[in-house]
Amino acid sequence: MKEHDGGPPRHPLDVVVVGSANADLVVQVERHPAPGETVLGSELAVHPGGKGANQAVAAARLGARVALLGRVGADGHGRLLRESLERDGVDLGHLRDTPAASGIAMIAVGPRGDNSIIVAPGANARLTEDDVLEAAALLRSAPVVSLQLEIPLPAVLAAARLARRAVLNLSPAVPLPDELLALCDPLVVNEHEAALLLGAPGEPDRQAKELLALGPRSVVITLGADGAVVAEGGAVAEGGAVAEGCAVRAVPSPRVAAVDTTGAGDAFTGALAWRLAAGEPLVRAAAFAARVGAAAVRRPGAQDSYPTMAEVEGL
Ligand code: RIB
């Protein structure tokens, strides 16, 4: 298969992100509307976002060498997304213009920084398994491939198969095929996503063990202001739900005043992928990522809120 226009990367990469890019249409609300209800909000703000692009920008702003493989529309939002990624030095040789509207996320942000998001995938939905296979050399060249689920599952699975190490953020949450679960190292989830995979909510430590027993090589559960829980190692109990002998560790988060939590999980995952690419152990990488995630809730927007290394060190 032929390489895309961008060809092979010009320099060694730390992380290849395979994923989405969305224009975020953001409105502040006093409270989120109930079904059937209309509420008035603030002026509309348009920010660059999308879970894939967010991961890429988060890692690049910290100093990682990053490429993004994905699709945007040849429209105004597509230009906004490209400009934001270019500003942070993300390699866009494998970001294709597509005859479809760019992805859009409609985001309502409440007074405590809490958000609700509806995504219209647009061009992101056109990313194919072939797109990924054509970039096989790129994916194999990086120590870590970072993934999320706003693109079609066959493309995610193809990327995970090619990855030397696949980091997957289960967002938005969907049930995963066993093969994909087994390739995750780590599977990154928040508490809601963990509950969806496991069928019930629970204590994070226990959830981490139960998730590990589903097959991923390691698990990270993000807990917002409470940091994260990391589980790795150990053997899966015979027919049982809990991994025997696995290590579960809690990592803290610095306390910050949350203005807007949009994209904090993507910042966490992008930072985690970069530190894993640098060879750090998972617990240390997750502790660093928790600091990045905390820094990212202090300003509005997703990519606009992501910290530099100096800001993380200052936390
Ligand atoms: O995780 C935050 C992101 O989710 C937003 O940037 C939005 O685009 C949606 O993809």
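Just so you know, all these numbers are worked out from the coordinates, no wet-lab data involved. Keep in mind that what you see is a predicted model, and the values were worked out from it rather than measured. Methodologically, a virtual Cβ is constructed for each residue, glycine included, from the backbone with ideal geometry; neighbour enumeration extends over all protein chains shown.
For this structure, a couple of remarks:
- Ellipticity at 222 nm from helices only: DSSP H runs of n ≥ 4 in the chain, each -39500 (n - 2.57), divided by the residue count, give -9500 deg cm²/dmol.
- Net length available on complete extension from Glu134 to Leu153 is 5.2 nm, with 0.36 nm assigned per residue and the Cα-Cα distance removed.
- Among Gly263, Gly52, Gly36, residue whose mean-square fluctuation peaks in a GNM of the chain (springs only between Cα atoms under 10 Å): Gly36
- Based on Cα contacts under 8 Å between residues 6+ apart, the range 137-208 shows a relative contact order of 26 percent.
- In order through the range 220-226: 3J(HN,Hα) via Karplus (6.51 cos²θ - 1.76 cosθ + 1.60), integer Hz, x for Gly, Pro: 10, 9, 8, 10, x, 4, 8
- Working from label points 7 Å from Cα in the Cα-to-Cβ sense, the His192 to Asp226 distance is 1.6 nm.
- Prolate/oblate/rounded call for the range 75-128, Cα gyration tensor, a/c under 1.5 rounded: oblate
- Distance between the pseudo-spin-label points of Arg206 and Ala247 (7 Å out from Cα toward the beta carbon): 2.4 nm.
- Highest-MSF residue in the chain out of Arg65, Arg112, Arg165 [GNM, Cα springs under 10 Å]: Arg112
- Extension gain, Ser42 back to Ala278 (0.36 nm per residue minus Cα-Cα distance, nm): 80.8 nm
- Value of relative contact order over the range 63-182, rounded to a whole percent, pairs C-alpha under 8 Å and six or more apart: 20 percent
- When only Cα pairs below 8 angstrom with a gap of at least 6 residues are kept, the range 179-238 shows a relative contact order of 36 percent.
- Distance (nanometres) between label positions extended 7 Å along Cα→Cβ at Val259 and Arg31: 2.6 nm
- The range 93-229: C-alpha gyration tensor shape, a/c 1.5 cut-off, then a/b vs b/c: oblate
- Residues Ser146, Ser116, sorted so that the one with the fewest Cβ neighbours within 10 Å comes first: Ser116, Ser146
- The range 161-217 versus the range 264-278: alpha-carbon centroid distance in Å: 16 Å
- Check: the range 105-168 dipole with +1 on Lys, Arg Cβ and -1 on Asp, Glu Cβ, in debye: 280 debye
- Candidates Val156, Val189, Val248, ranked by Gaussian network fluctuation over the chain, Cα under 10 Å, top entry: Val248
- Other-chain or far-sequence residues with amide H under 5 Å of Arg65's (modelled H): Asp14, Val15
- Listed from fewest to most Cβ neighbours within 10 Å, the set Ile118, Ile221, Ile151 follows the order Ile118, Ile221, Ile151.
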